[in-house]
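> There's a structure below that I have some questions on.
The values are calculated or read from the model by the stated rules, or taken from the named source; none is laboratory data. Please read all numbers here as calculations on a predicted model, not as lab measurements. Cβ placement follows ideal geometry from the backbone for every residue including glycine, while neighbour counts extend to all protein chains displayed. Ligands, DNA and RNA are stripped out before the accessible areas are found, and what is left, the full protein with its side chains, is counted by its heavy atoms. Shrake-Rupley method; radii C 1.70, N 1.55, O 1.52, S 1.80 Å.
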Amino acid sequence: MSPWKLLLLPCALETFAEVSLWDSTTHARRSILSTLLAKSAFHLRKSTAHDESTASFWLKVGVDHHHDAQKHLKSALKGELGMNSNYAEMLMAILGVGIVSVYYHGARVVKQLLLDAEYLIRSQGLPATKTFAHRVLHHLYTHLRVIMESTSIMSKSVASKDGEQWRLASQLVQTPMPSQFRVNAQNLGKLDSTHPKPEDVGYNDIHLDVSGIWQATLYPEIFGVPETLMTLLSQTISLVNERPRLQAASLNNPMVSAALSQHIKTLEQQIWSWSLQRSNAPFGPRPPQFLLDEAEAPVNRQQAESMILSMHQALIIFFYRRVYNISAMVIQDQVKKTLEFVQPCLEMERFDADFSVSISWSTFIAAAEAATPDLQELGLRCLEAVDDRGMFIERGKPSAMAKAVWEHRRRTNDFSYGWPDMMAVWNPQLRCSA
């Protein structure tokens, strides 16, 4: 089930009717309508890329509608927030502008909008009764935020100048601050993925911080991915973020040292032992419906399985490169498997609408680590297919980033060098604040 079809499209159609009949609606709803029009125009631009004049026309249409979406979102945050505003529509407007901003503004603005979404969720969404619309939007936020954090190396103390205009902190009274992806000494080793999550934990675990199985998750239905796989990615991000601090603390505390070592080993074992079959076991997360529906065309089942398996292989690559920083040469088998799994996904009917972020993430994580000419050629073909499909990186297109990494390795013969190092070079602010 697509959040766009479930929520954004109906709201946009209602808004169009309101504007047409009464020339009146809220800024949040106008932002949603403009977002949908912008996304449609950007999609038409890609589909008409062979005709430069037509593609240029649709680009201008998309940019204009995106500007309108931004303008109405700003007005909504300034004048409608907290004043009997519809929480779901306000969150929908923020996430919608965030998603479309990938096409035009890039990762920095997207991340700031996701932080703003978290302010809103923690202040209004978590305390409220969880309607179906709320749950769908919270899942959408979680998926985008986890993927964003996995490829973000921006210093937490450095605010995006482009994103300053979106901050909600001054507009929400007693708003909980967005929490970082982190693991502290008290939580080390608490990675039991087999026990069920309590209901309140499952509903409120918007970063997938907590190990365990949540029966009510909507992850498989919305994104075609078991929640357990995304939880392992989230926990790896938290470990990457906090490992330097925990290692420093462990120098003077043997208990922290032992706990950190056990935490890493447990997470590593859980990532390696994860399987699609085990994730579909009784009392585990529900598999995507199109994997269970025997009436579904076999090619669709294969594509869906390939998407999940590509993400699992990419997670293995991500873990070993970001946690252990092993040479890229060691994980070439996982690179090959990921790219092979990704290829059928590039033709999925729901690629643009719902699965582009997942597929693009797997493609980038694997292709950037390709170390042989044949894998780099395959990786480049896959990357060029996803360059404008929603991948979140701080600088440039994914294909350009990967090629820059490959060139650096060719010149230096340093196969421990990777895209995070390249991003640090391209982002001098990070080095100044480190």
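> Can you give me the P(r) profile for region 304-390? Cα pairs, bins 5 angstrom wide beginning at 0, each as a whole percent.
Calculated P(r), rounded to whole percents: 3, 17, 30, 25, 16, 7, 2, 0.
> I'd like the Kirkwood hydrodynamic radius of region 10-112, using the inverse of the mean 1/r over distinct C-alpha pairs, in Å.
On the way: mean 1/r = 0.0716 Å⁻¹.
Every distinct Cα pair counted, the radius reaches 14.0 Å.
> According to the Kirkwood expression over distinct Cα-Cα pairs, how big is the hydrodynamic radius of region 63-138, in Å?
Working: mean 1/r = 0.0783 Å⁻¹.
Evaluated on region 63-138, it is 12.8 Å.
> Please report the net charge: other residues with Cβ closer than 11 Å to the Cβ of Ala117, K and R +1, D and E -1. Walk me through the numbers before you get to the answer.
Numbers: positive: Lys111, Arg122, Arg145; negative: Asp116, Glu118.
Taking every other residue near Ala117 into account, the sum is +1.
> Right, something else. Can you work out the Karplus-derived ³J(HN,Hα) for every residue in region 117-124? Use 6.51 cos²θ - 1.76 cosθ + 1.60 with θ = phi - 60°, whole Hz, and x for glycine or proline.
Taking θ as phi minus 60°, the curve returns 4, 5, 3, 5, 4, 6, 7, 10 Hz for region 117-124.
> Cα atoms only, region 205-252: Rg and Dmax in Å?
Using the Cα atoms of region 205-252, the pair Rg, Dmax is 14.1, 47 Å.
> Can you run phi through the Karplus equation (6.51, -1.76, 1.60; θ = phi - 60°) for region 376-385 and list ³J(HN,Hα) in whole Hz, with x for Gly and Pro?
5, 5, 5, x, 5, 4, 5, 5, 5, 6
> If each residue of separation counts as 0.36 nm, what is the full-extension length gain between Val425 and Lys130 once their alpha-carbon separation is subtracted?
Full-extension gain reported as 101.9 nm.
> Could you please state, rounded to a whole Å, how far the C-alpha centre of region 1-38 is from the C-alpha centre of region 315-378?
A separation of 36 Å, based on Cα centres.
> Packing-wise, with mean Cβ within 10 Å as the measure, how do 206-219, 108-121 rank, highest first? Don't skip to the end; give the middle numbers.
Values: 206-219: 19.4, 108-121: 23.0.
So the peptides 206-219, 108-121, ranked by packing, come out 108-121, 206-219.
> Still on this structure, please answer the following. Name the long-range amide H neighbours of Ile213: under 5 Å, sequence gap of 5 or more, or other chain; modelled H, no Pro or chain starts.
HN-HN under 5 Å from Ile213: His195, Lys197.
> When the accessible area of region 184-258 is computed with all protein chains present and a 1.4 Å probe, what percentage of it is carbon and sulfur?
Numbers: 1760 of 3140 Å².
Carbon-and-sulfur percentage of accessible area, whole number: 56.
> Next question, about the same structure. When the Karplus curve 6.51 cos²θ - 1.76 cosθ + 1.60 is applied with θ = phi - 60°, which whole-Hz ³J(HN,Hα) does each residue of region 340-347 get, with x for Gly and Pro?
Once rounded to whole Hz, the list reads 5, 5, 5, 3, x, 5, 5, 9.
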